[in-house]
Amino acid sequence: MTNEFAGKVALVTGAGSGIGRATAIAFARAGAKVAVVDRTPPGGDETVAMIRAEGGEAIIAWADVAINAQVEAMVKTTLDAYGRLDFAFNNAGIEGANGLVPDYPEAEFDRVIAVNLKGVFLCMKHEIPHMLANGGVIVNCSSIAGLVGFPGSPAYVASKHGVVGLTKSAALDYAATGLRINAICPGVIQTPMVDRALGDSPEANEIINQMQPMGRPGQPEEIASAVLWLCSEGAAFTTGQAIAVDGGYTTR
């Protein structure tokens, strides 16, 4: 392990699998203590075990990010365990159903917005007060769907565009304080959520590969690397940005 983040504390939501798990592990390998946040077992417990197996330090904090009291408790759990909060990767999200706007169920729209957008808002609401004293970095997980439109995905696209706007607004509020806030916008990344949304078959994988200028999907570890860079001193002059890590998809 390197020690770039030694003595620092990172909180990662949606850390039970995929991008969240990879980022929690990356923080631990870089020397941070990690609060692994997940909604239900066993994913979060497995991530904690993986970190500890490598000699890292991690705790579990259960939370549904759409519920204010649970998000508040999640941050308190982190502070009770480690006494500080330096980095937060607000990553928890769901894909939601597909459909056209006239036919889209209102309850499903509300569900996607509650997790993907309100969840980020609630996380920042409770993280920011504890990060102001010593500075810190928040990275919110948006998507390429926060930068461009996709047919048949009104709730998901709206939620991820909202994350970008929320990030920019909050970044300006705190730019002079030493607290930096950015968004990461992953492309098609090989995760369980993408498998659920696009299918996990040779035919689906071929379609995914054909969509990508680089001819392949991204890996969770590639997003984790970008998140850690945004949290590093190397990104000290970077705030309010929506960084696409998408293999060139949004460049076309």
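The values are calculated or read from the model by the stated rules, or taken from the named source; none is laboratory data. Please read all numbers here as calculations on a predicted model, not as lab measurements. Neighbour counts run over all protein chains shown; Cβ positions are idealised from the backbone, glycine included. Just the protein is used for accessible areas: all its heavy atoms, side chains included, with ligands, DNA and RNA removed. Shrake-Rupley method; radii C 1.70, N 1.55, O 1.52, S 1.80 Å.
Okay, here's what the table says:
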read-out	value
On Cα atoms only, tilt of 154-174 relative to the major axis of the chain in degrees	30 degrees
Nearest-10 value in Å² for the accessible area of Arg39, using the 1.4 Å probe	150 Å²
Normalised contact order of the range 142-252, rounded percent, pairs of Cα under 8 Å and 6 or more residues apart	35 percent
For the chain: accessible area per residue (Å², 1.4 Å)	45 Å²
Sites Glu54 and Thr238, calculated FRET efficiency, Cβ-Cβ separation with R0 35 Å, nearest 0.05	0.75
Between the range 97-129 and the range 28-85, the Cα center-to-center distance that results, in Å	22 Å
Relative contact order (percent, whole number), the chain, Cα cutoff 8 Å, 6+ residue spacing	19 percent
Relative contact order for the range 55-151, counting Cα pairs under 8 Å that sit 6 or more residues apart, in percent	37 percent
q = 0.11, 0.13, 0.17 Å⁻¹, the range 73-221: log10 I(q)/I(0) [Debye, one scatterer per Cα]	-0.49, -0.67, -1.01
The range 7-96: equivalent-ellipsoid semi-axes (sqrt of 5 x gyration tensor eigenvalues, Cα, Å)	18, 15, 11
When the chain is reduced to its Cα atoms, the Kirkwood hydrodynamic radius in Å	18.1 Å
Qualifying chymotrypsin sites (Phe, Trp or Tyr not before Pro) in the range 154-252, DSSP loop, other Cβ atoms within 10 Å at most 15	Phe237
Fraction of accessible area attributable to carbon and sulfur, the range 140-252 (%, probe 1.4 Å)	58 percent
